[in-house]
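The structure appears below as structure tokens.
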Amino acid sequence: MSSYLIVRCHARMGKLITPEQMRKLLKSKSLEELVEALSQTEYGPLLKQLKTVEADALYRLYTDVFRSRLEWFYRNAPEKFREFLVEYCRRFEVENIMQVLRRRVTGSPVDIGRLVRLSFLPMDYEALSKAPGVVECLNLLKENPVYEEASARSIALYKKYGALLPVEATLKKLYYTSFSKALKLLPRQDRGLMREVLAVQIDVENCFTSLAPLLYGYSRGLVKEMLIEVPGKIPLENFVKVVESSSPSEVLKFLAPYRGVVEAILKGKEEVAYAMSRRIIRKLFLNRWIEGFAELSYALTYMELFEDEWRDLCFITYAVGYNIPREQAANCLICG
């Protein structure tokens with residue numbers, strides 16, 4: 001029953017790191033100080049098992065916790081809700097695939113331990129990581145029925161343009177289309193919230209994509225094909241106008257609902273833009289928190305918040321480890 005999952009989420013919600021705690025963690029002067037502060041949280045017992053305090057080791061620890069939470073969430077979800085979760089979590093699979101592909105471009109080894117691998121989304125990352133190049137990797141991906149069509153298209157695009165951006169856009173289109181179709185699996189009272197979340201995600205992706213010609217000189221024809229056509233809040237024709245635009249002021253007019261996000265992208269601050277977009281989605285969930293106290297929306301809110309926690313902890317760890325100026329880093333926090 002969904003009520004069991006909701007009750008369990010209520011119990012777990014209070015253990016999440018608060019925004020105030022997250023801002024304090026960012027002020028740590030060293031990784032050792034960060035670990036000391038984190039030892040007072042739910043991460044404490046796991047941190048004691050670390051042999052060395054290094055940013056990469058902490059990243060893997062956070063990712064293991066995040067993965068275990070997602071697995072717990074899936075195990076305790078009602079059967080029909082699990083079908084939705086598979087499609088909702090496919091974005092982690094797409095992120096994993098893109099990480100592998102980027103490594104194939106640079107020729108760097110793939111650290112599979114850094115990926116969010118989920119038992120309910122089986123993928124042979126070992127085989128993908130051993131593929132000698134991008135095309136070979138995409139050919140392997142074609143063996144998975146979910147990615148068969150997208151993989152074939154991605155291979156053609158990569159051979160034509162020699163860039164991963166169109167490949168990433170193709171995989172994301174697949175995800176957003178699947179997410180949209182999966183909304184019908186949710187109870188009626190939960191669909192509205194997730195439809196809003198989907199709309200924001202699509203709009204933000206299209207903001208990043210549509211600005212590619214202006215910022216990076218990408219072909220306008222190619223970028224128009226890369227736009228996600230699943231309806232968001234901004235009409236698709238606005239994004240087409242952005243693709244054709246050469247004026248930042250025009251761009252801001254067409255993408256007015258996301259002005260802050262767009263301004264950050266235009267300034268080359270993509271991490272800030274991403275954090276701002278996550279904050280918009282976080283606010284949607286939190287606004288529904290009390291109203292949906294006994295609905296699956298509450299469980300989905302918990303899932304969203306522990307994902308934000310994971311992303312912020314990873315960012316803070318590298319910010320502290322590499323001594324990134326704290327004022328600059330604070331703008332990239334989601335929870336903060």
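Readers should treat all values here as calculations from the given coordinates under stated rules, not as data from a laboratory. Here the structure is a predicted model, which is why all the values come from computation and not from measurement. Note that each Cβ is placed from the backbone with ideal geometry, even for glycine, and that neighbours are counted across all protein chains shown.
The peptide list 68-74, 104-110, put in order of mean Cβ contacts within 10 Å with the highest first, becomes 68-74, 104-110. A straight line joining the Cα centroids of the stretch 38-117 and the stretch 239-306 runs 23 Å. Each Lys and Arg adds +1 at its Cβ and each Asp and Glu adds -1 at its Cβ; summed about the Cα centre, the chain shows a dipole of about 240 debye. Here the contact order of the stretch 191-294, divided by its residue count and restricted to Cα pairs under 8 Å and six or more residues apart, works out to 29 percent. Anisotropy class assigned to the stretch 101-241 is oblate, per the alpha carbon gyration tensor with a/c at or over the 1.5 cut-off and a/b no larger than b/c.
In the elastic network of the chain, a GNM with C-alpha springs shorter than 10 Å, the most mobile of ALA163, ALA199, ALA299 is ALA163. Lys/Arg Cβ at +1, Asp/Glu Cβ at -1, dipole of the chain taken about the Cα centre: which of TYR125, ILE316, ILE112 is farthest positive-ward? Selected residue: ILE316. With springs only between Cα atoms under 10 Å apart, run a GNM on the chain and tell me which of GLU270, GLU20, GLU304 wobbles the most. Of GLU270, GLU20, GLU304, the most mobile in the Gaussian network model is GLU20. In the stretch 191-294, taking the dipole from charged Cβ atoms about the Cα centre, the farthest positive-side position among PRO257, LEU236, GLY217 is held by PRO257. Tell me whether the chain comes out rounded, prolate or oblate; compute the Cα gyration tensor, take square roots of the eigenvalues as a ≥ b ≥ c, and use a/c under 1.5 as the rounded threshold. Judged from the Cα gyration tensor, the chain comes out rounded (a/c under 1.5). For the stretch 61-185, a crude dipole built from +1 on the beta carbon of Lys and Arg and -1 on the beta carbon of Asp and Glu, taken about the Cα centre, is about 340 debye to the nearest 20.
Test of the criteria: in the stretch 233-336, which chymotrypsin sites (Phe, Trp or Tyr not before Pro) are in a DSSP loop and have at most 13 other Cβ atoms within 10 angstrom of their Cβ? Please report the intermediate quantities before stating the final value.
Details: sites: PHE239, PHE254, TYR258, TYR274, PHE285, TRP289, PHE293, TYR298, TYR302, PHE306, TRP310, PHE315, TYR318, TYR322; in loops: PHE293, TYR322.
Answer in residue order: PHE293, TYR322.
Using Cβ point charges alone (K and R +1, D and E -1), the dipole size of the stretch 191-294 about the Cα centre works out to roughly 340 debye. Got the relative contact order for the chain handy, in percent, Cα pairs under 8 Å and 6 or more residues apart? That works out to 23 percent. First check a/c for the stretch 224-336, with a ≥ b ≥ c the square roots of the eigenvalues of its C-alpha gyration tensor; if it is under 1.5, answer rounded, and if not, answer prolate when a/b is larger than b/c or oblate otherwise. Since a/c reaches 1.5 but b/c is at least a/b, the shape of the stretch 224-336 is classed as oblate.
For VAL223, VAL230, the sequence from fewest to most other C-beta atoms within 10 Å is VAL230, VAL223. Report summary: the helix-based calculation at 222 nm, which adds -39500 (n - 2.57) for every DSSP H run with n ≥ 4 and divides by the residues of the chain, gives -21500 deg cm²/dmol.
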